[in-house]
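What follows is a set of notes on a single structure, which appears directly below.
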Amino acid sequence: MSDAISNLGGGGLSTPFLANLATSLNYAAGFVVTLFGGPLINKIGIKWSCFLAALTMPLAGSGYYVNARYDVDWYLLFSRVLGGLFNGFLYVGETTAMLSYPDQNDRGLFLGIWSAMRNTGSIVGGAINFSTNYTTSSAGGIAWSTYLIFVGFECTGVIWALMLSPTRKVRRRDGSTVAISEDITWAQEFKALWKHLQRKKTWLVFFPAFYSFFYGGTMGTFLSLHFSVRARALSSLITPTITIPMVIGYGKLLDQSRWSQISRAWLGFSIWVIPQAACFIWLGIEYHKFGAEKAALDYGLWAEAYLPYLFVFSSGYLCQLSLYWILGTFSIDVRSSARTGGIFRAFETLGQTVSYSINTNKSADPRHAFYINCALLAVTIPCMVGLIRMVPEVPANHDVDIEGPRSRETVVETEDKVRTV
């Protein structure tokens, strides 16, 4: 539901600037939590991390509703900051699960399913957006009643969180369990986090993670400033609909064992980086045509200006998926994956914070943010090359940040008992 609102551009409001400020504050708050997310998730567990995040999910829709209907700014900003703090738990929890739960031969498929599930919610939200706004061919904000439907869906988050199984009870298709190293103290957790931060791969992934969703602010502003209300509503339906088969197929491609892991990493990288580079050139041409002026494209030039936006957004999920897949090749231990996932999501949310914050100034030329996005892609490419060269053929199944053999490599459940082998 949150993505469905974001896919409207500017949160569906009449102008994107307040929504961009609120979103930048949301991700800034999330950055603080995700940076220390590894130790936090290792202590409270994935299930309860998701539950904490679900408690504040309705704040997102309600914040936009109150602003759209009553023109109250402070509540939108407050709700996004508080929601961002709790969203940080979800970011790290879900990433930890996706890095450690799947079997190595199915990792790409399950990452694709995860991304598809995220976009399934966006399809529902997009259908709601379009059904309530399809008659508005001018610029402006969406119908405020749209947000109430989102709030209703967001209130169900706690139910799904409580239905999650604890990590120790997770079973793969072949009956195998998830590698979980033994518990350590808070002091040892933060010492391990510091050690993780000093690894070469951690800093090679900084710019790719920072870049991966940076387009959210720049492309969302592009959509909000240059397209009509119903065109934006239609976009929030089209984008996830196209993305779902893409991520499933892409994930299955990354699981093709006929190629080595490093070959699959190179292939996966090429599939998203080439279209994104081409689309940035295309978008540069479109920006040159109508500059910084606000438009309300509905018919006519709509497809020409919208298609590069669509390709950047959909291939952005492939970028994310490839990064998760690569990070999953290093270790399958839950606690090590929590630190990897936390740091990765911290870098990602930092990028989104910057992306939305530089698009909050009404008088600024939106093309400047677009140029920054292009420059980040140029920096990301050599970092990806270095990261892919480090991809191993077999991941570690223990906590690589803790000295000594501290891993319970296999946990077998027999009836109601769990024993360590």
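Quick note: the coordinates plus some simple rules give every number you see, no bench work behind them. Since the structure is predicted, the reported quantities are computational estimates derived from the model, not experimental observations. Cβ sites come from the backbone with ideal geometry, for glycine too, and all protein chains shown count toward neighbours.
Here are the numbers for this structure:
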read-out: Compactness relative to 2.2 N^0.38 Å, alpha carbon Rg of the range 33-85; value: 1.38
read-out: Dipole moment magnitude, nearest 20 debye, the chain about Cα centre, only Lys, Arg, Asp, Glu C-beta charged; value: 380 debye
read-out: FRET E, pair Arg258, Leu148, Förster distance 51 Å, beta-carbon r, rounded to 0.05; value: 0.50
read-out: Nearest-0.05 FRET efficiency for Ile242 and Val385, computed from C-beta distance (R0 22 Å); value: 0.20
read-out: Of all DSSP beta bridges in the range 2-420, antiparallel share, percent nearest 5; value: 75 percent
read-out: On Cα atoms only, tilt of 145-154 relative to the major axis of the chain in degrees; value: 0 degrees
read-out: Listed peptides 328-334, 143-149, 92-98 by packing density, highest first (mean Cβ within 10 Å); value: 92-98, 328-334, 143-149
read-out: Under 5 Å, built H, 5+ apart or other chain: amide partners of Ala396; value: Ser331, Ile332
read-out: Backbone HN-Hα couplings from phi across the range 266-271 [Karplus 6.51/-1.76/1.60, Hz, Gly and Pro as x]; value: 5, 5, x, 5, 5, 5
read-out: Mean Cα-pair separation over length for the range 2-420, i.e. relative contact order, pairs under 8 Å, 6 or more apart, %; value: 30 percent
read-out: Separation in nanometres of the label points that stand 7 Å from Cα toward Cβ, at Ala303 and Ala277; value: 2.8 nm
read-out: Sum of -39500 (n - 2.57) over DSSP H runs of 4+, divided by residues of the chain (222 nm, nearest 500); value: -23000 deg cm²/dmol
read-out: ³J(HN,Hα) computed for each position of the range 338-344 - Karplus, 6.51 cos²θ - 1.76 cosθ + 1.60, integer Hz, glycine/proline x; value: 5, 5, 4, x, x, 5, 4
read-out: Within a Gaussian network of the chain (alpha carbon springs, distance under 10 Å), most fluctuating of Arg80, Arg69, Arg258; value: Arg258
read-out: Nitroxide proxy distance, nm - points 7 Å out along Cα→Cβ at Ala364 and Glu182; value: 5.1 nm
read-out: Highest-fluctuation residue, Asn105, Asn26, Asn397 considered, GNM on the chain with Cα pairs under 10 Å; value: Asn105
read-out: Among Ala127, Ala233, Ala29: highest mean-square fluctuation, GNM of the chain, C-alpha pairs under 10 Å; value: Ala127
read-out: Cut-off 14 Å (backbone N to label point 7 Å along Cα→Cβ of Leu197), residues of the range 21-37; value: 32-37
read-out: Backbone HN-Hα couplings from phi across the range 92-107 [Karplus 6.51/-1.76/1.60, Hz, Gly and Pro as x]; value: 6, x, 5, 5, 4, 4, 6, 7, 10, 6, x, 5, 4, 7, 10, 4
read-out: Calculated FRET value between Ala396 and Ile285, using beta carbons and R₀ = 45 Å, to 0.05; value: 0.45
read-out: On Cα atoms only, tilt of 215-226 relative to the major axis of the chain in degrees; value: 20 degrees
read-out: Rg/Rh ratio calculated on Cα atoms of the chain (Kirkwood radius); value: 0.97
read-out: Neighbour cut-off at most 10 other Cβ (10 Å), DSSP loop, chymotrypsin sites (Phe, Trp or Tyr not before Pro), the range 65-132; value: none
read-out: Helix 366-388 vs. the chain, principal-axis angle (Cα, 0 to 90°, nearest 10); value: 20 degrees
read-out: When each of Lys43/Lys252; Lys169/Lys252; Lys47/Lys195; Lys195/Lys362 is checked by Cα-Cα distance, pairs over 31 Å; value: Lys43/Lys252; Lys195/Lys362
